[in-house]
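Encoded as structure tokens, the structure appears first; notes follow it.
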Amino acid sequence: MRIGIVGAGRIGGNAGRLFAGAGHEVMFSGSRDPAKLEQVAAEAGGARTGSPREAVEFANLLMFSVPWRAIDDVLAQTGSLDGKVVIDTTNQYGADGWEQLPLPAAEFNAQRMPGARLVKSFNTLTAGFQGEATGRGVAMFLAGEDADAKQVVAGSVTSASTPSTSAAGPRFRSWRRRAATAPSTARSTRPRTASA
């Protein structure tokens, strides 16, 4: 699978290295520092680098992993995400801390990415923990409305040795319920779907 990473910081960089290690073709983009982008790509075994738009065009699966305050600016660079499966790793931390939103963050971002097949994941565990826990059977939670998109994401997550747990329901609200009732470090041996 071709995976584009928009935002090559701790979460995106770590996930991209894991995906590349699992044999996926990876393109990193979305860093203000071209040297850092090249370094992350080299650490991922010679992955590609490009602009956010090039990552979108390259990818079958896109990981969107930029700071909350940068989302609108980066989306202006990506072009249309219509029909694209997008892993949204963002959380609503702004310059002044947690931002109150009129909707859950996943739903808010789905409105900012019209046509994207958005799946919320990689946002409940720190980048350090994700890297350290690879291969130990730690669950990675998924939330989204598109069952096929969630299967694509679950397959990519599992290929990188991090089993996934899905929570979905009307308008992403079950993600909030699941996140509130289940520990984010639940162990799993295979992807499974949890009803909310």
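Some observations on this one:
- Cβ-Cβ contacts under 7 Å between residues 6 or more apart (or on different chains), taken from a first residue in region 1-19 that is on the phi > 0 side of the Ramachandran plot to a second residue that is of a type in the set (Asp, Glu) and crowded, with 22+ Cβ neighbours inside 10 Å, are absent.
- Residues of region 92-106 that are over 19 Å from Lys150 (Cβ atoms) and in contact with a helix residue (DSSP H, G or I) (Cβ under 9 Å, 6 or more places away or on another chain): Gln92, Tyr93, Gly94, Ala95, Glu99, Leu101, Pro102, Leu103.
- Breaking point among (1) in contact with a Pro (Cβ under 8 Å, 6 or more places away or on another chain); (2) under 19 Å from Gln151 (Cα atoms); (3) of a type outside the set (D, E, K, R), for Ser29: (2)
- Arg69 fulfils the conditions (1) assigned to a loop (DSSP other than H, G, I, E, B); (2) closer than 28 Å to Ala105 by Cα except for a single criterion, (1).
- Entry remark, region 65-119: residues being surrounded by 13 or more Cβ atoms within 10 Å (Cβ to Cβ) and among the acidic types (Asp, Glu) number 3 in total.
- Residue list for region 18-40, restricted to those being assigned to a helix (DSSP H, G or I) and under 23 Å from Val152 (Cα atoms): Leu18, Phe19, Ala20, Gly21
- Restricting attention to region 141-163 and to residues that are crowded, with 18+ Cβ neighbours inside 10 Å and over 16 Å from Phe64 (Cβ atoms), the residue that is modelled with the highest pLDDT turns out to be Ala154.
- Residue pairs meeting the criteria (Cβ under 6 Å; at least 6 apart or on separate chains; first closer than 14 Å to Arg53 by Cβ, in region 69-88; second loosely packed, with under 13 Cβ neighbours inside 10 Å): Asp82/Gly115
- Considering (1) over 19 Å from Leu75 (Cα atoms); (2) at pLDDT 95 or above; (3) among the polar types (S, T, N, Q), the lone condition that Asn14 does not fulfil carries the number (2).
- Asp82 modelled with pLDDT of 90 or more and assigned to a loop (DSSP other than H, G, I, E, B): yes
- For region 89-116, a residue qualifies if it is touching a residue at least 60 places away in the same chain (Cβ under 8 Å) and charged (D, E, K, R), and exactly one does: Glu107.
The values are calculated or read from the model by the stated rules, or taken from the named source; none is laboratory data. Here the structure is a predicted model, which means the values were calculated and not measured. For neighbour counting, all protein chains shown are included, and Cβ atoms are generated from backbone atoms with ideal geometry for every residue, glycine included.
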